[in-house]
Structure formats: C-alpha cells, structure tokens
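Here is the structure we will look at, set down as structure tokens.
Read-outs throughout are calculated quantities, based only on the coordinates presented, and are distinct from any laboratory measurement. Quick caveat: nothing in here was measured; it's all calculated off a predicted structure. A quick note on method: Cβ atoms are made from the backbone with ideal geometry, for glycine too, and the neighbour counts reach across all protein chains shown.
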C-alpha cells in the first residue's frame, strides 16, 4: 500500500472522504483553512464556504438531517461561535463531525501557533448538559485513523463528535498509509420521509416539544449520558508506555505528547486519544505510581478534569503560548523531582 | 376531503392548540401556508419545514411533515444545508422578523447572494412577542415597546431592499389579504430561486395594544385600510403589498 506524504489537515480530508463525507460547510480560519481548500474540488462532496462559522455548523446540521455525512472544520474563535448550535445538535441528536485545529487564545491570540486551550470548550462549551465524544490524535497517521473514529462514533451516537487537532500536527507532514477502515452507515432516516419534529426544546420523541415536565428532561439527559458511554466504550483509545523502573506517570496528549516520548527512559507515559469521556482505565494505571505529572499547552484544563477520576494530586507543567522546548520541559520535570525530594523525610 | 378543510392534512392535530395568544396573526399565516402546500400538491415525501425561535418559530412543530426547529436565527443556514444536501426537497422556512432579520440577519444577506432555492415566510409583527414585547428590527420609528418606552429611535429594516439587491424573489402581503397571502406563498414556492415572503402580521398582546390598537381585528382593519395590492411593481412603496417583478 502506498504511503503518501501528507499534511495533517490533508490526512483529515483523505479519511473523511473515505469515511463517506457528503457535505462540508466551513469558513476560512488559520490553522484549519487547508481542510476547506483541500475539499473544494472533490466531486462526490458538496462543499460550501458560508458567511461565518455559525452558518457553517447549521448548514452541516441541516445536511446531516437530510441524509449526508457532514463535517465542518475550524479553530478556537470559530469553535466558540459554533457552541450554541453544537448543544442544539446534541439535543436534536444529529450525527456530524467538527474538527477544531487549536491555536493560541483567548481572543485572536496567536493564530499561527499551536495550543491546547479548547479542552474545556470541547467538553463544556455549550450551555446545558450534554456528553460529547472528543478525540485528540498526535500524529498525521493518527489524524487519518481517528477521523474514521470520529465519523463512526458520530453515526453510532447520533450526535456531534469533536476531532481536536492543533496548529502543530495539522501543519506537520508525515507519511500515512491510506488504509480503508470500516465505516458505520447512517441508520437514521433522512428528512423527507417522515413526520418527525426535530427540536432543540426538551422532548420525549420526535412528536412535539415538552417544556414543563422535569421528568421528561431528566430522562432525556439520562439517555444521552448512557448513549455516549455505550458508544465511547468502543473507542477506548489511549497509549500507555510502561517503564517498570519509574515511580512517576507522565500524562500528555496531542502535539505536546510527542515531546513526552523523549522522557520514556525516566517516566511511564500515558496519552489519552479519546479525551472525552475520560478514559476510566487511567484510575487503575494511576494507582501504580507514586507521582503523576501532567503536561499541557494551557493552564491545566485537562488536569482539573482528570483529578476527578484519579483522586490523586497531579503536578502540572503548563506550557501555553505555542512553544514546545525539550530543555524547558526537562528543567520543569527536574524541578518537580527536586521539590518532591525535599518533601520526603531524610533517610536514616 | 372538502376543499376548505384540506389544509388540515398538513397539520398535526394532536399538537394543537398552538401557544399563540387570542387575536394573533400567526395562525393565519400557518393556515395559508398549508393551503399553498395543498394547492401545489406538496407532500410529506418532498417537503420539509424549518423554523427559528420565537412565537413564529413554533410553527414547524405543527406540520404533519418532517420539520426542524433550529437555534435562534439559524433557520436559513440550516434550510440551505438541507437543500444543498438534497435538492429534491422543497424547503420552507417559517419564522419571525426578529429571528430572520435581527439575530439571523447576516444569513439572509448571504442566502440571497447564493440564491439558494428555499422559501422563507417571515411573520413580520414588528415586535419580539414571545419575550414580552421588545423592539424588533421591523418596529416603526417612534414605536412604543417595553425596551423603547419613548419610541423606537431607529429606522426599521428595509428587507425588500436587501432581498431585491441580490435579485431574489420578494413578496409583501398581510394577514388581512388572505387570497393575496396564499397567492404570494404559492408564487414563492413555485419560484426556482431564493424567495422571501414578508407577511405583515398582527401581534395585539405585546405590540398592538401599546401602539393604540384595540384588538386583533382593529389591526387587521388597519392593514385593510393602509395596504393596496400592486402585483406589477418592481419595488413596492411603503403602503403597497404585492409580488414584485
């Protein structure tokens, strides 16, 4: 099988096409624009550049309801604009894929620099309660592989799935084996065949809104939660590199996890690929270590999440601003080690 | 079925009554839309209704068709997505002026540029009714609303100019002129490009009574007195209704 050299964003497009993408709507934004650019001349896919990200996500919801597998791609600012409609799509149970190639924020930030600042936004960005499935690969090959995962999980959960990337891996060139992974077909009937009412208001089924019965709303949330958990189990993707001599587990994900490989002689490494729902296996893995360190290109967004699962203090190496520097990481790791040694009682 | 009751096949009986106030004009637009769908013999297999948020936004839920109730202001881009994904569907948007021209105004601007073949029926009642009577993009200058107690200082949006600027179909009608209302919707549904049907529609509870009307009937009579039908015009005057050329 051929292994072409592809950019991260191109790999997403190649996989999306192979997974059956039928509709794409997007708005140009650095560092995600290549996805729109790469798609424009694909014959089988209806591609449209909309007036903004809000229009894009809504066109995607419409196209998905009309029966096509649909996707949009953006970066932080556009992802923020989409949030209301992402929650809406969860409420209407519309399968679709949103690619968010993260850049440094908040605000306009540093558009050409990578970041991991949208972790919380991916999970909790919309108002109300919902349970999104979120993937965050760390190589071009994995972007290709997990674009399939995202499409399949979207179909199986009948809800929006988020594929996170960042300005680093999306602009990275690596060779990719263009394998055809199994794909899940659409099970929901397209629009124009029924008498269903898709609404963002609380409802029991597709007949009508029910907006004053708390039990109906609770049942709906419970069903969403269960559906998400059941589907997520099939996508329990993470990487765990055990080092028998290590007493410390180093957790990282996305672009920054590529730097963590440099430290596998001293630490055991853990990298979630499906970052939400949280990987429960981490509870057992974490138990084997005295110390846990997490590295993130933000101020600790994922640490706060993981501590709820692991119930153990985690030291944070926070590296926002788009720069990944091995020496800086080594210095910070050593500083944590020294701090710990000081805390330990002196040997007799 | 009797011709007068045939519109009922497009409505979900069990979802009625609507949440609309006594004297509201929304039901008139809803029924006229059903009448128009009936005249064109549209059916469940080729027609999808999309609505936004607000009083008019609730319309989609009463249709005996596949229908989508979008987030506030997003009915047009979602309808465009549906149409672009399946060109065989007739896609009808029903929503209010606040939804389509306020929060969703940017989408209208660009949907007319794209000339996406969808039909937009705007319930233009000059007010945000569901939230209690706040000033809307179509409120007349000087209109007293709960957020403009001293009268609206702003120029109402000229939706005709926006839609016509990009060469799209534009019709204006009212809930008093029933035959013209249905005729406008039928013409809009037949038109092969983007169509905008601007229905002047009474809201007595949260608008009319604050600007000097007694009841819904009084508002309808005002429409009768004020608006003259002109289906020959390229551009309608303020007191004209019609299907523009």
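Remarks
- Dividing the convex hull volume of the alpha-carbon atoms in the stretch A:137-289 by its residue count gives 157 Å³ per residue.
- Choice from B:119, B:70, B:33 showing the highest fluctuation, given a GNM over chain B with Cα pairs closer than 10 Å: B:70
- FRET efficiency, 1/(1 + (r/R0)^6) with R0 60 Å, evaluated for residue B:141 and residue A:288 via beta carbons: 0.25
- Extension gain for residue A:219-residue A:344 works out to 40.0 nm (0.36 nm per residue, less the C-alpha to C-alpha distance).
- Using every pair of separate Cα atoms, the Kirkwood estimate puts the hydrodynamic radius of the protein assembly as shown at 25.9 angstrom.
- On Cα atoms only, tilt of A:214-233 relative to the major axis of chain A in degrees: 60 degrees
- Antiparallel DSSP beta bridges within the stretch A:135-293, percent to nearest 5: 45 percent
- Residues in the stretch A:37-77 that a label on residue A:2 would reach, taking backbone N under 19 Å of a point 7 Å out along Cα→Cβ: A:38-44
- Whole-angstrom gap from the stretch B:76-103 to the stretch B:121-159, using each part's C-alpha centre: 23 Å
- Sequence-separation-based contact order of chain A, relative, with Cα cut under 8 Å and 6+ spacing, percent: 17 percent
- Inter-chain Cβ neighbour count for A:186-199, averaged per residue, equals 6 (cutoff 10 Å, partner chain atoms only).
- Largest-first principal axis extents, alpha carbons of the stretch A:46-109, Å: 37, 25, 17
- With 0.36 nm allotted per residue and the present C-alpha distance subtracted, the residue B:229-residue B:13 stretch has 74.4 nm of extension available.
- Look at the stretch A:47-53: the mean tally of other chain Cβ atoms within 10 Å of its residues' Cβ atoms is 4.
- Among A:70, A:150, A:19, the largest mean-square fluctuation in a Gaussian network model of chain A (Cα springs under 10 Å) belongs to A:19.
- Length added when fully stretched, residue A:327-residue A:181, from 0.36 nm per residue minus Cα-Cα: 48.7 nm
- Normalised contact order of the stretch A:16-62, rounded percent, pairs of Cα under 8 Å and 6 or more residues apart: 45 percent
- When both bridge partners sit in the stretch B:78-212, DSSP labels roughly 15% of those beta bridges antiparallel.
- Using a Förster distance of 30 Å, the FRET efficiency for residue B:109-residue B:88 (Cβ separation, nearest 0.05): 0.65
- Degrees between helix A:8-18 axis and first principal axis of chain A (Cα, 0 to 90, nearest 10): 40 degrees
- Globularity ratio of the stretch A:1-140, using Cα Rg and 2.2 N^0.38 Å: 1.00
- Distance between the modelled labels on residue A:311 and residue A:212, one decimal in nanometres: 4.3 nm (7 Å Cα→Cβ projection).
- Panel values: the stretch B:175-241, Kirkwood radius from alpha carbon pairs, Stokes-Einstein at 4 °C and 1.567 mPa s, translational diffusion coefficient 98 µm²/s.
- By DSSP, the beta bridges lying fully in chain A are antiparallel in about 25 percent of cases.
- Per residue of B:102-112, other chain Cβ atoms within 10 Å of the residue Cβ number 2 on average.
- Proxy reagent accessibility, fewest Cβ within 10 Å first, across B:211, A:292: B:211, A:292
- Rh by Kirkwood over Cα pairs, then Stokes-Einstein D for the stretch A:244-348 at 0.890 mPa s and 25 °C, µm²/s: 172 µm²/s
- Separation of the residue B:6 and residue B:210 label points, Cα + 7 Å toward Cβ, nm: 4.2 nm
- Residues of the stretch A:149-171 falling in the label zone of residue A:120, defined by backbone nitrogen less than 12 Å from a point 7 Å along Cα to beta-carbon, are absent.
- Structural size metrics of chain B, computed from C-alpha coordinates, are Rg and Dmax of 16.6, 52 Å.
- Expected 222 nm ellipticity per residue - DSSP helices of 4 or more, -39500 (n - 2.57), all of the protein assembly as shown, to 500: -10500 deg cm²/dmol
- 10 °C / 1.306 mPa s Stokes-Einstein diffusion coefficient of chain A, Kirkwood radius on C-alpha pairs, µm²/s: 76 µm²/s
- Efficiency of FRET from Cβ geometry, residue A:52 and residue B:44, R₀ 35 Å, rounded to 0.05: 0.60
- Helix A:140-157 and the longest principal axis of the C-alpha atoms of chain A enclose an angle of approximately 50°.
- Contact order, relative form, for the stretch A:144-303: 19 percent (alpha carbon pairs under 8 Å, 6 or more residues apart, mean separation divided by residue count).
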